[in-house]
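Worksheet: one structure, shown below.
The values are calculated or read from the model by the stated rules, or taken from the named source; none is laboratory data. Being a predicted model, the structure only gives us computed values, none of them experimental. Cβ placement follows ideal geometry from the backbone for every residue including glycine, while neighbour counts extend to all protein chains displayed.
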Amino acid sequence: MTPLQICNEALRRMKQNPITAIPGPTEAGSKNAVSCRDQFPVSLAKITSGYQWRWARKLVTLERSDSTVPMYLYYYTLPTDMERVNVVLDEEGAPIVGGYEIVGDKIYTDEEALALNYGAVMSSATDVPQHIASAVTLQLADDLGPYLESDRTNDHIERLRLVLQQAKRQDAQMDRLHYGVADSGNSAIALYQ
C-alpha cells in the first residue's frame, strides 16, 4: 500500500473525509492532508522501529578505507538510512562477533571486507507490504486522533495490538520460508538477506 492509501484508510476508520494527495513539506492542504503528511512518518516509525521487519532489512557491501585510528587497520562508512545493525558479515558471509567497533557513522575493524545487514529507517516508504500496512493504518488513526478531534478507544488500541502481533507472525513466517530455501545453499550471506 502507498502512504496515500494508508492515510485514506486511517481517515475512513475515523469517519473523516479522504484526501487526494499528501502535500509536500511546504505545500498547503486540507487539515486532513496536512495532518496525514505530518503524522504518517511518525506512525510508520512507531511500527517499524520496534521490530526487525524483513521488509526494512537491507544487505550491503561496505567500501573500505584506511583507518586513522591506531587500534584498527580499516574503517567502513555506515549507510545513511541505517536505523540499527542486525549483523556484520566478513567477506565470506560469516557473522563477525567482536573485532569491530562502531563509532558515529563508521565501523572500525581489521577485516579486509565487510557486508552489513541492517534495519533501514522507513519514514519515507512508498510501498508498505499489506501485512505491515494494516498495523501502520491503525497506528496512524490513533496518532491522527488528537489533530482531527477523534477519540481513540480501548477497542481501537486492542485491535492495533492484535494486528501488530499478526503482522509480526506473517513476517516471521516469510523469514522461515526464506531460510528454509537458503539453508540448502552454501552461501551464509543468503541467510542474512
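If the condition is being among the aromatic types (Phe, Trp, Tyr) and more than 25 Å from residue 55 (Cα to Cα), then the range 74-111 contributes 74, 75, 100, 108.
Taking strands (runs of 3 or more DSSP E) as the structural unit, those lying wholly within the range 68-112 and holding at least 2 residues that are surrounded by fewer than 14 Cβ atoms within 10 Å (Cβ to Cβ) correspond to 100-103.
Within the range 26-66, being touching a Phe, Trp or Tyr at 6+ places or on another chain (Cβ under 7 Å), among the small types (Gly, Ala, Ser) and either in the same structural domain as residue 102 (by TED's automatic domain parsing) or at pLDDT below 90 (or both) holds for one residue alone: 65.
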